[in-house]
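Single-structure report; data block below.
The values are calculated or read from the model by the stated rules, or taken from the named source; none is laboratory data. What you are looking at is a predicted structure, and each value in this text was computed from that prediction instead of being measured. FYI the Cβ positions are ideal-geometry reconstructions off the backbone, even for glycines, and counts take in every protein chain you see. Each accessible area value is taken on the protein alone, full model and side chains, heavy atoms only, with ligands, DNA and RNA left out. Shrake-Rupley method; radii C 1.70, N 1.55, O 1.52, S 1.80 Å.
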Amino acid sequence: MASLTLKGIGKRFGRVTALSGVDLHVKDGEFCVLLGPSGCGKSTLLNVIAGLESQDEGSVRLDGHSIDRLTPRDRDMAMVFQSYALYPHMTVAKNLGFGLRMRGVPKATIRKKVLTTAGLLGIDDLLNRKPRELSGGQRQRVAMGRALVRRPKLFLLDEPLSNLDARLRANVRLELKQLHKKIETTIVYVTHDQVEAMTLGERVVVMRDGQVRQTGRPETIYSFPVDTFVATFIGSPEMNLYKGVIFKERKRSVFQGRGFFLELGNPRIDRMEGEVEIGVRAEDVKIGKENSTSPSVEVEMISDVGSEKYIHARLGQEHLTLRVPKDASFRTGEIIYITIDSARLHIFEKGRRLVTTNVEEV
Ligand code: ATP
């Protein structure tokens with residue numbers, strides 16, 4: 001186990017800036033997830049940590065000591081990639097022990113470590129099988145076992161579950177989380193899947209264009225996104241986001257969007273005026289009774305996901321998605337009145353969050 005500190009990491013490939021000014025601290029034993037869209041620099045950052053790419057700027061520290069001059073082998077980290085190539089002619093046991101054999105570890109120690117790791121991952125009964133005799137999920141577990149077996153200081157995983165089908169992915173995800181509890185190893189995990197990031201990560205690092213946009217606990221990032229990118233990237237369905245202006249009318253704050261008005265009651269909002277973007281998540285829109293201050297929306301489509309329903313509606317000239325219980329019944333074309341708790345509103349100015357209470361924890 002070790003803590004990892006990145007300070008001002010920058011990396012260019014010719015004209016492409018893959019990473020710029022990346023600062024990050026991962027605590028000893030923490031499960032940290034790097035999350036962002038394709039091309040944002042996640043894999044490059046992981047490679048820099050592992051020493052497979054050298055950064056142009058900044059430093060990588062393990063337990064406070066610079067490891068910039070160490071080769072990947074000497075960094076004592078283990079990496080699992082999306083394309084985990086197991087040796088097809090070797091049994092699971094041989095695959096698990098391969099790295100240790102290469103390092104000249106005595107046979108009896110290898111045997112012990114392989115058995116312990118297989119036990120941890122629940123693959124003890126597969127030790128004599130060849131990779132072709134395993135399911136996708138089992139192969140994935142062997143690949144993780146191969147990395148785990150020598151108990152590295154840091155465990156780096158680059159989209160390790162993306163070859164698995166959705167159901168299996170959800171199961172292996174749970175197993176991985178339980179495994180982390182047991183082994184307490186520091187993990188840096190790369191994914192572009194926000195659900196994966198939110199379910200796995202104790203700390204989530206949202207990246208875009210080679211930069212860190214926000215770092216925090218999943219619930220903090222969900223509830224207090226620092227900008228409109230994070231706000232819309234995290235959460236499904238996507239946050240409803242509207243451009244418009246806030247103005248005062250008889251001492252009350254009102255938001256005017258494209259073709260609709262919203263009353264804003266929150267005192268913090270009262271102090272604001274001017275062009276903003278406001279965001280509201282589907283679960284924070286409630287259905288209310290008709291009154292003079294409730295905006296009305298027209299139901300356009302209903303998607304039933306089994307456990308709940310989503311209503312896709314028209315609000316002025318904008319779209320609004322709201323969540324309703326599974327037994328709620330609505331018709332296309334129906335007019336409904338909505339209310340939004342202003343404490344649940346996200347307000348952004350020039351893309352940055354305005355109401356900044358509680359945005360970051362240490
Ligand atoms: P993905 O989720 O698609 O794997 P990523 O977030 O991991 O994406 P990186 O692979 O780190 O992104 O790439 C970051 C940027 O650097 C991209 O614009 C990519 O095209 C570029 N890049 C990465 N490796 C190289 C390379 N060896 N040579 C040139 N450009 C590269």
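Numbers below:
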quantity: Subset of segment 1-36 (residues that are open to solvent by 40 Å² or more (accessible area, probe 1.4 Å) and assigned to a loop (DSSP other than H, G, I, E, B)); calculated: 1, 14, 15, 27, 28
quantity: Search result, residues across segment 289-308 that are among the polar types (S, T, N, Q) and open to solvent by less than 80 Å² (accessible area, probe 1.4 Å); calculated: 291, 293, 294, 296, 303
quantity: Filter result (outside any helix (DSSP H, G or I) and either closer than 16 Å to residue 155 by Cβ or open to solvent by less than 20 Å² (accessible area, probe 1.4 Å) (or both)) within segment 37-58; calculated: 40, 41, 51, 52
quantity: Among the residues listed as 132, 167, 111, 151, the single one being in a helix (DSSP H, G or I) and over 16 Å from residue 92 (Cα atoms); calculated: 167
quantity: Check on residue 144, away from the ligand (no atom under 16 Å from the Cβ), open to solvent by less than 10 Å² (accessible area, probe 1.4 Å) and either in contact (Cβ under 8 Å) with a residue 60 or more places away in the chain or among the small types (Gly, Ala, Ser) (or both); calculated: yes
quantity: Residue, farthest from the chain's Cα centre (by Cα), within segment 190-205, restricted to residues that are surrounded by fewer than 18 Cβ atoms within 10 Å (Cβ to Cβ) and away from the ligand (no atom under 15 Å from the Cβ); calculated: 202
quantity: Residue within segment 219-229 that is in a strand (DSSP E or B), more than 22 Å from residue 273 (Cβ to Cβ) and of a type outside the set (A, V, I, L, M, F, W, C) present; calculated: no
quantity: Leading residue by the ranking (farthest from residue 26 (Cα to Cα)) among those in segment 172-188 that are without any contact (Cβ under 8 Å) to a residue 60 or more places away in the chain and open to solvent by 70 Å² or more (accessible area, probe 1.4 Å); calculated: 174
quantity: Residue in segment 28-35 that is in contact with a Gly (Cβ under 9 Å, 6 or more places away or on another chain) and β-branched (Val, Ile, Thr) present; calculated: yes
quantity: Candidates 169, 208, filtered to the one that is free of Cβ contacts under 8 Å to residues at least 60 places away in the same chain, basic (Lys, Arg) and crowded, with 16+ Cβ neighbours inside 10 Å; calculated: 169
quantity: Residues of segment 86-123 satisfying the condition of being modelled with pLDDT of 90 or more and charged (D, E, K, R); calculated: 94, 101, 107, 111, 112, 113
